[in-house]
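The values are calculated or read from the model by the stated rules, or taken from the named source; none is laboratory data. All values reported here derive from a predicted model rather than from experimental measurement. Ideal geometry is used to build each Cβ from the backbone, glycine not excepted, and the neighbour counts take in all protein chains shown.
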Amino acid sequence: MTHILCRDCCQVFDGPAEICDRCSGRRLLPHAEIASLDIAHIDCDAFYAAVEKRDRPDLGNKPLIVGHSGGRGVVVTACYVARTFGVRSAMPMFQALQLCPHATVIQPDMAKYKRVSETIRAIFASATTMVEPLSLDEAYLDVTENLKGILSATRIAEEIRARIRAETELTASAGVSYNKFLAKLASDHRKPDGLFVITPQLGPAFVETLPVRKFHGVGPATARKMAGLGIETGLDLKAQSQAFLQQHFGKAGAYYYWAARGVDERPVRADRIRKSVGVENTFAADLFTYEAAREALREIVDNVWAHCERSGVRGRTVTLKVKFTNFRVITRSRTGQTPIITRSELEQLGCALLEPLFPVARGIRLLGVSLSSFGEAARRDPEFVLPV
Ligand SMILES: [Mg+2]
């Protein structure tokens, strides 16, 4: 079967065909390689600002800046309306407000962004186990072996964008390509709310026309240094030898040399090991007695344990979460010397944490149980590092 990429809307569909079945575009690219594109970079648009705008519909199309106001505050994220006034991330707030005096400034609410991020990461995780988060709203996905049996990374990216929109009311942009470097460039190319595909045929030419400051890993200082050496575009970079680039940029020189050729062999470094497994349940009617709470806890423990059985993980720390009718949340946890290896052990520990809370002054509206401390293998999300 032929896979066809529409260069206007980036839809991939099965051919043969003469016009795109989505946008009726005629710039079609039949390509055997399209099915083999397996890296996607997904990135929400103006994430913090978009979350705030979602929660403040009155801001509509008004300029919004997320950041700390006052003396030395800087812009953390500006919405796209504020950007049209020249406001940029990391700009001093006083300067941003000179450019856009009528902008609304909101202090960052990291706890809120983390909650939204959990939803987004769950959507990524439903597509593939090979997810490398770069920040709260951004990740590389290797979809070579995806959980949905979808062959095209483009379709997976479209599905993820649609789910992010449906579940968080936010827009995300996606780039699909055959390596991480190009996938990230591709997602940036059609922002906001866009999808762009760079095939092996298009990759080298795409990189040549690009200003070097658009390369991931080239910050303002490196861009200035490159400009001093007469390197402004991908094509200029390509003209330099690897030895020359290494002489001036050290280890990163080799990365630039290959990136200028559209080559990047860094794998998607998935954090396959989850830090905790947790299940919580909000009740239709509040619980007041230990007996009722223990009964509810049993069902939650069943679900947590089912996950442990499926994934083979065994944790040492049990955490109980309780939310009362006044929305006060408390947690209690206990860490054993050895991992919990049976369901009944998990239930016993959960009950031991629950019982001392009774009698309760207020009803319980939610109970949760989580298991963590999976051992040495459990590590934190990887940070982006330049290849060595
Ligand atoms: Mg983003």
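Assorted remarks:
- Residue among 296, 254, 260, 223 that is out of contact with any helix residue (DSSP H, G or I) (no Cβ under 7 Å at 6 or more places or on another chain) and not aromatic (Phe, Trp, Tyr): 296
- The range 142-216 holds helices (runs of 4 or more DSSP H) entirely within its bounds, and those carrying 2 or more residues that are under 30 Å from residue 60 (Cα atoms) map to 153-168, 180-189.
- Hits in the range 190-203 - residues which are over 19 Å from residue 28 (Cα atoms) and either among the β-branched types (Val, Ile, Thr) or in contact with a Gly (Cβ under 8 Å, 6 or more places away or on another chain) (or both): none
- So residue 78, is it within 16 Å of the ligand (Cβ to nearest atom), hydrophobic (A, V, I, L, M, F, W, C) and surrounded by fewer than 19 Cβ atoms within 10 Å (Cβ to Cβ): no
Rundown of residues vs (1) of a type in the set (Gly, Ala, Ser); (2) at negative phi; (3) surrounded by 17 or more Cβ atoms within 10 Å (Cβ to Cβ), yes/no style:
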| residue | (1), (2), (3) |
| --- | --- |
| 82 | yes, yes, yes |
| 92 | no, yes, no |
| 102 | no, yes, no |
| 106 | no, yes, yes |
| 123 | no, yes, yes |
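- Applying the condition of being among the polar types (S, T, N, Q) and within 25 Å of residue 38 (Cα to Cα) to the range 200-243 and asking which residue is modelled with the highest pLDDT yields 209.
- Residue in the range 257-276 that is under 17 Å from residue 346 (Cβ atoms) and of a type outside the set (A, V, I, L, M, F, W, C) present: yes
- Restricting the range 103-141 to residues that are more than 14 Å from the ligand (Cβ to nearest atom) and β-branched (Val, Ile, Thr), the residue that is farthest from the chain's Cα centre (by Cα) is 104.
- Verdict on residue 30 being surrounded by fewer than 23 Cβ atoms within 10 Å (Cβ to Cβ), away from the ligand (no atom under 16 Å from the Cβ) and at pLDDT 85 or above: no
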